[in-house]
Amino acid sequence: MSDKEKSQAKAEQIKGKVKETAGRTVGNERLTAEGRAEKTKGNARQAKEKIKDTFKG
């Protein structure tokens, strides 16, 4: 996985986790849902890059 893609995936995962936690803390379901979505997007990006790496090697 390229370093750029890896860092973007990790950043999305972290940002999503922070939003999700903040949303739960203040009782904001929309913020919680946005956080979950961003975290999922980061997980998907990471999975895609791992698959690409598998077929390159």
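Readers should treat all values here as calculations from the given coordinates under stated rules, not as data from a laboratory. In this text the structure is predicted, and so the values were computed from the model without any measurement. Cβ sites come from the backbone with ideal geometry, for glycine too, and all protein chains shown count toward neighbours.
A few remarks follow.
- Applying the criteria of a DSSP loop state and at most 11 other Cβ atoms within 10 Å to the trypsin sites (Lys or Arg not before Pro) of the chain yields no site.
- The chain - mean residue ellipticity at 222 nm from DSSP helices (-39,500 (n - 2.57) per run, n ≥ 4, rounded to 500): -32500 deg cm²/dmol
- For the chain, the relative contact order comes to 43 percent (Cα pairs under 8 Å, sequence separation of at least 6).
- Crossing angle, helix 29-56 versus the chain [Cα axis fit, 0-90 degrees, rounded to tens]: 10
- Degrees separating the helix 3-26 axis from the principal Cα axis of the chain, which is the longest one: 20
- Those residues of the range 1-22 whose amide nitrogen sits under 13 Å from the label point placed on residue 53, 7 Å along Cα→Cβ: 1-10
- The label-point distance for residue 24 and residue 2, in a model that sets each label 7 Å from Cα toward Cβ, rounds to 3.4 nm.
- Here residue 41 is the anchor, and the aspartates and glutamates within straight C-alpha reach of less than 16 Å, apart from those fewer than 8 places off in the same chain, are 5, 12, 20, 49.
- Volume in Å³ per residue [convex hull over Cα atoms, computed for the chain]: 45
- Set 17/48; 15/39; 10/48; 6/50; 4/48 screened for pairs whose C-alpha atoms are more than 18 Å apart: 17/48
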